[in-house]
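J.: Let me begin by handing over the structure; questions about it come next.
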Amino acid sequence: MYQIIRQKRKTVSIHIDDNMNIIIKVPQYLKTSEVNRFIREHHSWIKKRVEQASQHKVENDWRLTGRVLYLGEYRVICRVTDPCNEGEIVLETDQLIIKAKDVEDQAEAERLIEQFFKRQAQIILTKLTDYYVGLLGVSYNKITIRKQKTRWGSCSSKGNISYNVKLLCAPDKMIAYVVLHEVMHLKHFNHGQVFWQEIRQIMPDYKERMNYFKQFGQDFML
Ligand SMILES: [Zn+2]
């Protein structure tokens, strides 16, 4: 499925979303015939990208693999039918157990997994944020957890910090880098030299942790 989005831009961009839709962003005034010509000319390239994306999904999407990354470890997803259970997720060492009235209800399973990750994210990321906030002697307004494609975190000038729920796929050591980065923005609202200097003082191996997300981040699918 092609989805053409017209927007203020100079070039054409193509990307494939998690549902294998092909999103093509084009300059606002590009003629439909031009758009069609572009698609025709890039047909084999697009086809190859779709194949790569679906292969990536088969290897990383818990709905297909039956296992999910949680704090850097794969947990096998088990389903237990329990007529008395309103629906919950129980975390065991190497398992994530979905307990529900009807465990075959996929939409319910997805809702429970998302809810589990969001709740855990709120707890774990708040704890880490509070730690670094104390260390730097700054303060924040609130923390929001969102599901985002590539952005791991952000911090507004009003002190609102937002984290990607997918961070919880990473080991806590790696998560700590993203938290320190956002908390440092409460002190320095830029990526200047002092910003990185102070990050390095607290976390000398911050570059390795940053690279971890570049290397493995695309494998985090929730
Ligand atoms: Zn930043």
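The values are calculated or read from the model by the stated rules, or taken from the named source; none is laboratory data. All figures in this text were calculated on a predicted structure; none of them were measured in a lab. Cβ placement follows ideal geometry from the backbone for every residue including glycine, while neighbour counts extend to all protein chains displayed. Keep in mind that these areas ignore ligands, DNA and RNA; they rest on the heavy atoms of the full protein, side chains included. Shrake-Rupley method; radii C 1.70, N 1.55, O 1.52, S 1.80 Å.
J.: Looking only at helices (runs of 4 or more DSSP H) that lie completely in the stretch 1-97, which have at least 3 residues being touching a strand residue (DSSP E or B) at 6+ places or on another chain (Cβ under 8 Å)? Reasoning before the result, please.
T.: On the way: elements: 32-41, 43-60, 62-65.
Answer list for the stretch 1-97: 32-41, 43-60.
J.: Now, a different point. Residues of the stretch 6-20 being open to solvent by 50 Å² or more (accessible area, probe 1.4 Å) and free of Cβ contacts under 8 Å to residues at least 40 places away in the same chain, which ones? Working first, answer last.
T.: Residues of the stretch 6-20 that are open to solvent by 50 Å² or more (accessible area, probe 1.4 Å), as a first pass: 6-11, 15, 18-19.
Passing the criteria: Arg6, Gln7, Lys8, Arg9, Lys10, Thr11, His15, Asn19.
J.: Going through the stretch 132-159 one residue at a time, which ones are farther than 24 Å from Gln201 by Cα, outside any loop (DSSP other than H, G, I, E, B) and not β-branched (Val, Ile, Thr)? Break it down stepwise before answering.
T.: Step one: filter the stretch 132-159 for residues farther than 24 Å from Gln201 by Cα, giving 141-151, 158.
From what's left, outside any loop (DSSP other than H, G, I, E, B): 142-146.
Matches in the stretch 132-159: Lys142, Arg146.
J.: Taking Phe195, is it open to solvent by 30 Å² or more (accessible area, probe 1.4 Å), of a type outside the set (S, T, N, Q) and farther than 27 Å from Arg75 by Cα? If you could, list the steps in order and put the result at the bottom.
T.: Working: open to solvent by 30 Å² or more (accessible area, probe 1.4 Å): no; of a type outside the set (S, T, N, Q): yes; farther than 27 Å from Arg75 by Cα: yes.
The answer is no for Phe195.
J.: Another question, if that's okay. Any idea which of (1) modelled with pLDDT of 95 or more; (2) open to solvent by 50 Å² or more (accessible area, probe 1.4 Å) is the one Lys147 doesn't satisfy?
T.: So the condition that Lys147 fails would be (1).
J.: Also, I was wondering about something else. Kindly indicate whether Val179 is open to solvent by less than 20 Å² (accessible area, probe 1.4 Å), within 15 Å of the ligand (Cβ to nearest atom) and part of a helix (DSSP H, G or I). Working first, answer last.
T.: Working: open to solvent by less than 20 Å² (accessible area, probe 1.4 Å): yes; within 15 Å of the ligand (Cβ to nearest atom): yes; part of a helix (DSSP H, G or I): yes.
Against the criterion (open to solvent by less than 20 Å² (accessible area, probe 1.4 Å), within 15 Å of the ligand (Cβ to nearest atom) and part of a helix (DSSP H, G or I)), Val179 qualifies.
J.: Could you run through the stretch 198-207 and say how many residues are open to solvent by less than 40 Å² (accessible area, probe 1.4 Å) and either over 27 Å from Asp219 (Cα atoms) or more than 22 Å from the chain's Cα centre (by Cα) (or both)? Before the answer, list the steps.
T.: First, the residues of the stretch 198-207 that are open to solvent by less than 40 Å² (accessible area, probe 1.4 Å): 198-199, 203, 205-206.
After this cut, where a residue has to be either over 27 Å from Asp219 (Cα atoms) or more than 22 Å from the chain's Cα centre (by Cα) (or both) as well, the list is 198-199, 203, 205.
Summing the residues that are open to solvent by less than 40 Å² (accessible area, probe 1.4 Å) and either over 27 Å from Asp219 (Cα atoms) or more than 22 Å from the chain's Cα centre (by Cα) (or both) in the stretch 198-207 gives 4.
J.: Here is a further query. Need the failing condition index for Lys166 against (1) more than 12 Å from the ligand (Cβ to nearest atom); (2) basic (Lys, Arg); (3) not in a helix (DSSP H, G or I), just the number.
T.: (3)
J.: Quick check: anything in the stretch 111-131 buried (at least 19 other Cβ atoms within 10 Å of the Cβ), in contact with a strand residue (DSSP E or B) (Cβ under 6 Å, 6 or more places away or on another chain) and outside any helix (DSSP H, G or I)?
T.: no
J.: Just one of Ile161, Ile89 is free of Cβ contacts under 8 Å to residues at least 40 places away in the same chain, surrounded by 13 or more Cβ atoms within 10 Å (Cβ to Cβ) and over 19 Å from the mean Cα position of the chain (by Cα); which is it? Step through it out loud before you land on a result.
T.: Values: Ile161 fails: over 19 Å from the mean Cα position of the chain (by Cα).
Just one listed residue meets the conditions, Ile89.
J.: Oh, and also: Restricting the stretch 98-110 to residues that are loosely packed, with under 14 Cβ neighbours inside 10 Å and assigned to a loop (DSSP other than H, G, I, E, B), which is nearest to the chain's Cα centre (by Cα)? Break it down into steps so the answer makes sense when it comes.
T.: First pass over the stretch 98-110, keeping only residues loosely packed, with under 14 Cβ neighbours inside 10 Å: 101-102, 104, 106-107.
Restricting the remaining residues to those that are assigned to a loop (DSSP other than H, G, I, E, B) gives 101-102, 104.
Working: Lys101: 29, Asp102: 28, Glu104: 26 Å.
Out of the qualifying residues, it is Glu104.
J.: Only residues that are farther than 17 Å from Asp17 by Cα and within 15 Å of the ligand (Cβ to nearest atom): list them for the stretch 135-157, please.
T.: Leu136, Val138, Tyr140, Trp152, Gly153, Ser154, Cys155, Ser156, Ser157
J.: Report yes if Arg200 is basic (Lys, Arg) and either over 27 Å from Arg75 (Cβ atoms) or modelled with pLDDT of 95 or more (or both), otherwise no.
T.: On the way: basic (Lys, Arg): yes; either over 27 Å from Arg75 (Cβ atoms) or modelled with pLDDT of 95 or more (or both): yes.
In short, yes.
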